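For reference, the structure is listed below as structure tokens.
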Amino acid sequence: MKLLVGLLIGVGLLLLYSLGFTAWANARWPAQGRFVAADGNVRLHVLDSATSGRPVLLLHGASVNARDLWTSLGPGLEDRYQVMALDRPGMGHSGRPTNAHLLSEQARAAARVIEDNGRGPAIVVAQSLGSATALRLALDRPDLVAGLVLIAPASHPYPGPNAWHAQLAATPVIGPIFAWLLVPVLGPPMSEAGVQGSFGPADPPTDYAGQIGLALLFRPSQFLANGQDIVATKSEFAIQAQRYGEITAPTVILTSDQDTVVSPRIHALALAQDIPAAELVTLPGAGHAPQWTRSDACIAAVDRIATMAATAVER
């Protein structure tokens with residue numbers, strides 16, 4: 001009996017910690033953008049430069065939020081583009097529609113943001129898992145995509161299991177228990193190794209976690225959403241990759257020769273072969289985060305796409 005009481009007290013304390021951690025993270029990195037209404041009364045959070053110029057939509061990768069691309073690329077783009085950065089469904093401060101783990105639903109959310117903006121098709125800049133959403137958007141709604149800049153993209157079927165924490169998060173019953181009782185406690189101190197792995201062989205910028213609000217990942221709801229998104233890629237990529245040859249939007253693919261998170265051979269190189277006239281740029285030593293380690297090359301790619309898009313319109 002004492003053991004049971006002790007267990008219940010322990011569970012209660014962990015739940016209280018999770019609630020407190022969530023409240024702290026939301027207050028430390030609050031929503032700072034506008035909200036766009038999506039299906040089912042879901043609100044999508046968008047950081048917006050509100051400047052003039054061609055729209056550029058930024059789609060972040062797994063485990064992070066809109067602040068990642070907004071902070072790394074936004075300052076170099078906002079003087080000549082209207083920059084929008086979307087918290088993908090369930091991440092950052094965006095709500096999560098039903099079946100949001102499907103790339104078709106992720107693309108619907110991105111399409112809704114471009115439509116709400118009302119300034120015509122956007123150049124879509126995406127990193128890692130966000131690239132899969134950008135690709136699906138270009139397939140399902142080519143009228144909304146002026147061009148693609150894909151940074152360290154994840155796009156094709158891959159061998160081996162997903163990360164253990166993603167698999168655990170996506171497991172019914174066990175996943176929510178893990179996310180609510182342990183993730184807010186264990187996640188933050190373990191995250192530094194993940195950051196180093198993403199940037200390696202380069203070094204991450206000073207206070208990277210603080211700049212992008214990485215702690216938001218360890219709120220139970222976002223951790224569960226992130227795990228579901230990652231695990232779904234096994235089947236989603238297999239279906240989607242068969243259609244990449246249909247993409248006609250001008251495309252620049254940037255990858256590193258030393259990305260240990262997403263294989264350039266399996267994803268970026270294969271994607272460059274699948275998309276007609278796609279341009280492949282290899283960035284030595286840029287790791288899995290070229291948006292930070294080689295932001296100059298990423299911004300230059302946006303400018304090239306803008307020029308190509310303008311030329312296509314003139315024709």
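Quick notes on this one:
- The range 1-128: relative contact order in percent, alpha carbon pairs under 8 Å with at least 6 residues between: 26
- The residue list Ile275, Cys298, Leu4 was ranked by how far each Cα lies along the charge dipole of the chain toward its positive end, using unit charges on Cβ atoms, and Leu4 comes out on top.
- Segment Thr206-Tyr158, length gained on full extension (0.36 nm per residue, minus Cα span): 14.0 nm
- Projected label distance in nm at Val11 and Arg243, using a 7 Å step from Cα toward the beta-carbon: 4.3
- FRET efficiency estimate (nearest 0.05) - Cβ-Cβ, Lys2 to Asn41, R0 41 angstrom: 0.35
- Per-peptide average of other Cβ atoms within 10 Å, ordering 50-58, 155-163 highest first: 50-58, 155-163
- Taking every C-alpha pair closer than 8 Å and separated by at least 6 residues, the mean separation divided by the residue count of the chain gives a relative contact order of 20 percent.
- Once divided by 2.2 N^0.38 Å, the Cα radius of gyration of the range 234-304 becomes 1.13.
- The range 169-304: mean projected area of Cα convex hull, nm²: 9.4
- Cβ-Cβ FRET estimate between Val185 and Glu115, R0 fixed at 51 Å, reported to 0.05: 0.80
- Test item: Cα-centred dipole of the chain, Lys/Arg +1 and Asp/Glu -1 on Cβ, debye: 640
- Computed over the alpha-carbon pairs of the range 1-153, the distance histogram in 5 Å steps reads 2, 10, 18, 21, 18, 10, 6, 5, 4, 3, 2, 1, 1, 0 percent, short to long.
- Kirkwood Rh, Cα atoms: Rg over Rh of the chain: 0.98
Every number here is computed from the coordinates shown, using simple stated rules; none is lab data. Because the structure is a prediction, the values reported are computed rather than measured. Heads up, the Cβs are rebuilt from the backbone with ideal geometry, glycines too, and the neighbour counts pull from every protein chain shown.
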